[in-house]
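What follows is a short report on a single structure.
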Ligand code: FAD
């Protein structure tokens, strides 16, 4: 007898509890992917997510074929497609791994109820988190809103044991079972659209094998010194696992098992603890989004509901999006994002602070752009990252803490390598002019004529305006 394995964002075969459960019950698993982006509205996958997904599905299908199976791809309403597949295969069970976004939870609950009432075995599993949101709570039984106590509790749950791997052979799905080709889903940009993702794939290899390679490279390399080096955007100093984790090409359990299963020199222990705590932030973000699902749209801190955000000037918003603000560290970050689908964490904070404080635009404008352009766009992490930087979130940076893009560039890109890499038009400017080129207008005119001669907002005046808005009589948060 058959069981359907409904793949969503668990695009791997090792440590896949849905697959394991089917095999354990003696069912022949039929791997299924159903393309139903509208079911995730208002957070239907963005363009960069789709481009990644295309390749990740190809990798999953190839991995399944190498084991004698294949991925059955369908498109349409998930429930009706599952019903059709159950009828076509006479499957007795359906397994999937859980998602934590509000729209997905609502859909999955509806599907589970609908199919269970017809006598089918329907089981969901945890493949994506170290601690699911309802399994940890404060002493008074509430969800956590502060990271440190959350992680202190959650950390005790980490296990070093390696999670199970998939068998080398899987049964073949019924030969006549029809499916679409992955290209039929049209996830990649197609003419007349320009191939904006052309530069992505020299940085990334979507799929389970690519994820494993990324982790190996990190553990051998950047993990050593991570705590300090992770702040410098021009260095290979972080794991770059975020898109792989988002799509479930690797599980946090697998990452933790590898980290804890290794003996580290004493000098590296602090780096390891810090890395684990970053995985902890991912857990915390999911905890927050699960317990406070409205925060994907609204300020977590209700004191900001009256805050006077500025009405976006479309030209300024476009300048921010395309890396033409005239502030080099901001522009370098936005161009790194455009060219690679990823941006260094420190620079994410800098560009987000610029948008929400210097421009004083609602963080949703930034979250929306990230949503469309990041290959790791993740509703929990993105919402938390934006609300944290804007000062409207849980355990957030206070609103009055405004990043100075000049000081950040001087401190974390002291030789200007990151700025020069992503802003080739500034390549010949001397180091001393890279953080704030408008202070040396003659040099810029001569050496970088294509770059904005001054920032779209005066940094000092906009900083003061933001502070005044923050402490203003009507809107005092
Ligand atoms: P590493 O430093 O190697 O960290 C390992 C893993 O821990 C990451 O892959 C990620 O899964 C997790 N992690 C690290 N930092 C954070 C964090 N601050 N919050 C939550 N999880 C974290 N991350 C996303 O995955 N998706 C997003 O859409 C996203 N949007 C962000 C928006 C803003 C404004 C900010 C400030 C941060 C955002 N982040 C987001 C968090 C962080 O920037 C990225 O996770 C990180 O840069 C990914 O690089 P890495 O894999 O090399 O990280």
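Once every DSSP H run of n ≥ 4 in the chain is given -39500 (n - 2.57) and the sum is divided by its residues, what mean residue ellipticity at 222 nm do you get, rounded to the nearest 500 deg cm²/dmol?
After summing the helix terms and dividing by residue count, I get -13000 deg cm²/dmol.
Ranking request for peptides 62-70, 244-252: highest mean number of other beta-carbon atoms within 10 Å first, then the rest in descending order.
Averaged packing, sorted descending, gives the order 244-252, 62-70.
How much length, in nm to one decimal, is gained on full extension between residue 84 and residue 277, taken as 0.36 nm per residue of separation minus their Cα-Cα distance?
In short, 65.1 nm is gained.
With the Cα gyration tensor of region 2-128 giving a ≥ b ≥ c as the square roots of its eigenvalues, does the rule (a/c under 1.5 for rounded; else a/b larger than b/c for prolate; else oblate) give rounded, prolate or oblate?
It is oblate, given that a/c is not under 1.5 and a/b is not larger than b/c.
Among 309, 422, 204, which comes first, then next, by fewest other beta-carbon atoms within 10 Å?
In increasing order of surrounding Cβ atoms, one gets 309, 204, 422.
Working from Cα positions, state the angle (0 to 90°, nearest 10) between the long axis of helix 78-89 and the longest principal axis of the chain.
30 degrees
Please give the helix 47-66 orientation as an angle from the longest Cα principal axis of the chain, in degrees from 0 to 90, rounded to the nearest 10.
That works out to roughly 30 degrees.
Modelling each spin label as a point 7 Å along the Cα-to-Cβ direction, I'd like the residue 446/residue 294 distance in nm, to one decimal.
The modelled label-to-label distance comes out at 5.9 nm.
Over the chain, what portion of Cα pair distances is larger than 44 Å, expressed as a whole percent?
16 percent
For a quick protection proxy, order the peptides 223-229, 287-293 by their average other-Cβ count within 10 Å, most packed first.
Packing order, densest peptide first, comes out as 287-293, 223-229.
Between region 180-235 and region 401-477, how far is it from one alpha carbon centroid to the other, in angstrom?
Using only Cα atoms, the two centres lie 28 Å from each other.
I'd like the orientation of helix 328-340 relative to the chain: the angle between its Cα long axis and the longest Cα principal axis, in ° from 0 to 90, rounded to 10.
Rounded to the nearest ten degrees, it is 20.
When the chain is fully extended, how far beyond the present Cα-Cα distance does residue 186 get from residue 468, taking 0.36 nm per residue of separation?
96.7 nm
Rounded, prolate or oblate for region 193-243? Axes are the square roots of the Cα gyration tensor eigenvalues, ordered a ≥ b ≥ c, and the cut-off for rounded is a/c under 1.5.
Cα axes put region 193-243 in the oblate bin.
Below 8 Å between Cα atoms, with a sequence gap of 6+, how large is the relative contact order for the chain in percent?
Over the chain, the number comes to 17 percent.
Any read-out appearing in this document is the output of simple, stated calculations on the displayed coordinates, not a laboratory observation. Predicted model, so just to flag it, every value in this text is computed and none were measured. Glycine also receives a Cβ, built like all others from the backbone with ideal geometry; neighbour counts cover every protein chain displayed.
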